[in-house]
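Laboratory data are not the source of any read-out in this text; all were calculated from the coordinates shown. Note that the structure is predicted; figures quoted are calculated from it, not measured. Every residue, glycine among them, receives a Cβ derived from its backbone with ideal geometry; neighbour counts consider all protein chains shown.
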Amino acid sequence: MGGGQLRRPDRAVHPALDRARLVKAKVPAVAGDTDVDLESVTAISARQVWAVGEISVHNTPSQPYSLRWNGHTWSRVKVPDPSPSSSGDRRMLSVTAFGHGQLAAVGSTDGPTGSGPVYSRWNGQRWSVVIGPRNGAALGAVTTDGPRLWAVGFIGTNAFAPFIQVSH
């Protein structure tokens with residue numbers, strides 16, 4: 001699913017599919033001057049669905065953001081800010097499930113010191129986030145074939161210079 005900003009805490013909704021009909025599911029409320037942009041969703045099971053994106057409060061740089069569906073309600077799961085003193089945005093753009101209840105997410109960061117990829121991992125209990133080299137790369141999608149994670153994105157200022165990254 002593409003990103004969609006949630007601007008009204010009293011009307012914050014996220015679409016969910018229920019037997020091929022689109023329904024709205026309530027997500028955790030946010031302050032009135034908070035922007036949440038959800039970019040990707042993956043399911044481990046019917047009782048463990050994850051959505052990731054970014055959150056910005058009071059027009060501050062965005063930080064990685066995640067929500068978890070437990071089969072009944074969505075709840076926010078804190079993602080550590082990998083660079084709290086940075087004036088640039090950090091975001092998760094894609095998430096995939098792999099292994100036993102684990103997740104991998106990728107995204108990008110930008111700011112005055114340059115842009116680069118963001119790597120995030122859910123180990124079943126907490127998120128860890130690492131910012132990659134400031135090489136102008138951004139990762140926009142991640143998937144798995146079982147033992148390996150595959151991520152795609154672009155590098156440099158040319159959005160049409162794609163690259164593929166594989167973890168072993």
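Overview of results
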read-out	value
Burial ordering of 143, 42, 73, fewest other beta-carbon atoms within 10 Å first	73, 143, 42
For the stretch 43-55, Karplus couplings with θ = phi - 60° (6.51, -1.76, 1.60), whole Hz, Gly/Pro x	10, 8, 7, 5, 10, 8, 10, 10, 10, 10, x, 8, 9
Three semi-axes of the equivalent ellipsoid, the stretch 34-168, Cα gyration tensor, whole Å, largest first	23, 19, 11
Calculated from backbone phi, Karplus (6.51, -1.76, 1.60) coupling profile of the stretch 142-156 in Hz, x at Gly/Pro	9, 8, 9, 10, x, x, 10, 9, 10, 10, 10, x, 9, 10, x
